[in-house]
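Encoded as structure tokens, the structure appears first; notes follow it.
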Amino acid sequence: MQTVRRFLPIICVFILGAVSIACSGGPATVAEAEKFIADAEKRLQDLSVKSGRAAWVQSNFITEDTEALAADAQTQVLAAVTELANASRRFDGLQLPPELARKLKLIKLSLSLPAPDNAAEREELTRIAVGMESAYGRGKYCPDGPEKPCLSLGDLERILRTSRNPDELKRAWTGWHAVSPPYRNDYVRFTELANKGAREMGFKDLGAMWRSNYDMEPDAFAAEMERLWQQVKPLYDSLYTYTRRRLIKKYGPSVVPESGPIPAHLFGNMWSQDWTNIYELLKPPTSDPGYDLTEILQRRNTDARGMVRYGEAFFTSLGLDPLPATFWDRSLFTKPQDRDVVCHASAWNLDNQKDVRIKMCITITGEDFNVIHHELGHNYYQMAYAPQSTLHQNSANDGFHEALGDTIALSVTPEYLKKIGLIDRAPDASADIGLLLHKALEKVAFLPFGYLMDQWRWRVFSGEIAPGDYNKGWWELREKYQGIAPPEPRTERDFDAGAKYHIPGNTPYARYFLATILQFQFHRALCREIGYTGPLHRGSIYGDGRAGEKLKKMMEMGASRPWPEALKALTGESEMDATAIIDYFAPLKAWLDEQNRQ
Ligand code: X8Z
Ligand code: ZN
């Protein structure tokens, strides 16, 4: 494919799939830009539906054939976006109405994976990308060789969640981390090719391109992340210090050192990103709320669909529509026994209208109860912005998409659980420290992980972390931010970053850090909206149409306006602000600091 620039000075006709745009040799006009965008949106809409379907089949049924089909469809999208981004340069320097200028920018930023203009390199890139995601999805640990029973990620996560035997935990941890070295070299090549694509589109590298997606300069965004991290770091430090003490008490100083990083396999989670599974080891002796959602759901024989029904009922209580019948027919809720699927939870909209689905290997746990609300948040957001034009069919920024369902889950309070009949009696205020600690093990523990994932990738993409230092760079960041270390020595034969889905899956991660900050900001604003004035962690918007209206208004805006305007519509504030999460956990912070002094 020739680049458009070569055509520019003369009469030009460039083919955009089925649509051809003819332009005269004269200077570009606003009318041409309008037509260009309208045609581009139509073309991208069609291609995104096709590649979405191929990706859906591939991740529900991983085989060589579905991989090839998904890679082909993705290649078509990448080719189109590359071509459109190049073609849009014709309008550089032209005074355009803001909406058009924004859409031209959004074309370039519509992908997390930019591809080189060279067809062979583009195909190589999509093959690697799809291959890595599939390899992760297929990943298993076979302790006695491939002929003997193997453990899936779900099996290994169950061990991390429930075992308190450090040796068994270590085996499960190292077993899963053996899945990623086979695609370490692929990741090196992937980085080269995606960087090339990003540079051809005018970005410094892929990391700079990702950071350009926040209505501000990429460096300003990096500074914004750091500002938010500094706001919450003292809260993390208090939780971490308390957790170390309790882990030493459980495992002894030979397993958990008095100072220095703590081994990563002891936090109840494969990536030490969510510590709720070790709540039992950490719970305050006198203020435990006395109920365990996992135990309640299991005792009631709740099945996967039943779990999702609880989630839907929350959204409809806010005045939002029930999920379409097709959602229930077409979603994947449980792990199939007879084939490989990508189990990492995700939410989809197959026609960019109402064909929404989730794909998830649900376990009957309190943790997945939250994840279901998270995923349904994506689906409700997708349906709300569906009437927008193609390039605006997105959230205000990606942190908003990740925050929506989590905001709802923050309203899963004891009072809410009592209302829907899952508990008989809501514990009184004496249980608050227990409630807050449980929530902090999910949210506060996550913050440094949410931050460091893309610290690592930004450095890998810029070359600051060279391929020969992938693992060293990874563990330096894990130690610096999370304060953790691998359970046993690692080398550059390992690829530990690659054992987290979003690395082989190429999903940017800063979004989850932002979401963790934003969801508390949303929650505080919605509590204000409904006139609730009690402690934030006891506030629930369940059943409140006013909160539903506010959320709906924000979601319906999609990506049509810069994100500060969407934030303002919902919260009255125009900046991301960690004071909400800090306010929420203030009583816990005081308690932790008191414990840590003793
Ligand atoms: O990937 C997810 C969602 C899908 S968007 C399940 N999350 C991150 C993770 O699992 O690492 C939600 C929390 C962070
Ligand atoms: Zn999500």
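A few notes on this one:
- Scan of the range 479-509 for residues that are among the β-branched types (Val, Ile, Thr) and not in a strand (DSSP E or B), ordered by number: Thr491, Ile503, Thr507
- Pairs are defined by a Cβ separation below 6 Å, a sequence spacing of at least 6 or placement on different chains, a first member in the range 500-514 that is touching a residue at least 60 places away in the same chain (Cβ under 8 Å) and farther than 14 Å from Tyr183 by Cβ, and a second member that is more than 9 Å from ligand 1 (Cβ to nearest atom) and hydroxyl-bearing (Ser, Thr, Tyr); the pairs so defined are Pro508/Ser112; Phe513/Tyr451.
- Count - residues of the range 196-228 that are crowded, with 16+ Cβ neighbours inside 10 Å and among the small types (Gly, Ala, Ser): 6
- Residue in the range 309-322 that is within 14 Å of ligand 1 (Cβ to nearest atom) and at pLDDT 95 or above present: yes
- Among (1) in contact with a Lys or Arg (Cβ under 7 Å, 6 or more places away or on another chain); (2) within 14 Å of ligand 1 (Cβ to nearest atom); (3) closer than 26 Å to Leu391 by Cβ - the single one Phe327 does not satisfy: (2)
- Residue ID - nearest to ligand 2 (Cβ to nearest atom), chosen from residues in the range 326-349 that are assigned to a helix (DSSP H, G or I) and open to solvent by 80 Å² or more (accessible area, probe 1.4 Å): Arg330
- Any hit, the range 142-156, residues being touching a residue at least 12 places away in the same chain (Cβ under 8 Å) and in a loop (DSSP other than H, G, I, E, B): yes
- Check on Asp424, closer than 24 Å to His344 by Cα, open to solvent by 10 Å² or more (accessible area, probe 1.4 Å) and modelled with pLDDT of 95 or more: no
- The single condition among (1) closer than 19 Å to Tyr187 by Cα; (2) touching a Lys or Arg at 6+ places or on another chain (Cβ under 9 Å); (3) assigned to a helix (DSSP H, G or I); (4) of a type outside the set (A, V, I, L, M, F, W, C) that Arg127 does not meet is (2).
- Any hit, the range 376-388, residues being assigned to a loop (DSSP other than H, G, I, E, B), more than 13 Å from ligand 2 (Cβ to nearest atom) and in contact with a strand residue (DSSP E or B) (Cβ under 8 Å, 6 or more places away or on another chain): yes
- Selection count where residues are in a loop (DSSP other than H, G, I, E, B) and either more than 16 Å from ligand 1 (Cβ to nearest atom) or on the phi < 0 side of the Ramachandran plot (or both), scope the range 253-288: 22
A quick yes/no check of all residues on (1) within 14 Å of ligand 1 (Cβ to nearest atom); (2) basic (Lys, Arg); (3) in contact (Cβ under 8 Å) with a residue 12 or more places away in the chain:
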| position | (1), (2), (3) |
| --- | --- |
| Gly405 | yes, no, yes |
| Glu415 | no, no, yes |
| Ala431 | no, no, yes |
| Phe449 | yes, no, yes |
| Ala466 | no, no, no |
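- Residue check for Thr316: under 30 Å from Ile530 (Cα atoms), open to solvent by 30 Å² or more (accessible area, probe 1.4 Å) and away from ligand 2 (no atom under 16 Å from the Cβ): yes
- Hits in the range 376-401 - residues which are open to solvent by less than 10 Å² (accessible area, probe 1.4 Å) and near ligand 1 (Cβ under 10 Å from one of its atoms): Gly377
- Residue pairs whose Cβ atoms lie under 7 Å apart, sitting 6 or more positions apart in sequence or on different chains, and linking a residue in the range 340-352 that is charged (D, E, K, R) to a partner that is away from ligand 2 (no atom under 16 Å from the Cβ), are Asp340/Ile62; Asp340/Gly137; Asp340/Arg138; Asp351/Val49.
- Residues of the range 278-299 classified as closer than 17 Å to Leu169 by Cβ and surrounded by fewer than 21 Cβ atoms within 10 Å (Cβ to Cβ), total: 3
- Top-ranked residue of the range 571-585 - restricted to ones that are in contact with a Phe, Trp or Tyr (Cβ under 6 Å, 6 or more places away or on another chain) and surrounded by 23 or more Cβ atoms within 10 Å (Cβ to Cβ), ranked as nearest to Met555 (Cα to Cα): Ile581
- Selected residue (criterion: least open to solvent (accessible area, probe 1.4 Å)) from residues of the range 451-483 that are aliphatic (A, V, I, L, M) and over 20 Å from Tyr512 (Cα atoms): Ile465
- Top-ranked residue in the range 350-375 [being among the β-branched types (Val, Ile, Thr) and out of contact with any strand residue (DSSP E or B) (no Cβ under 7 Å at 6 or more places or on another chain); ranked as farthest from ligand 2 (Cβ to nearest atom)]: Ile364
- Within the range 57-73, if we keep just the residues that are open to solvent by 20 Å² or more (accessible area, probe 1.4 Å) and not in a helix (DSSP H, G or I), the residue that is farthest from Thr126 (Cα to Cα) turns out to be Phe61.
The values are calculated or read from the model by the stated rules, or taken from the named source; none is laboratory data. Quick caveat: nothing in here was measured; it's all calculated off a predicted structure. Don't worry about glycine lacking a Cβ; one is built from the backbone with ideal geometry, like all the others, and counts go over all protein chains shown. All accessible areas refer to the heavy atoms of the entire protein, side chains included, with ligands and DNA or RNA removed. Shrake-Rupley method; radii C 1.70, N 1.55, O 1.52, S 1.80 Å.
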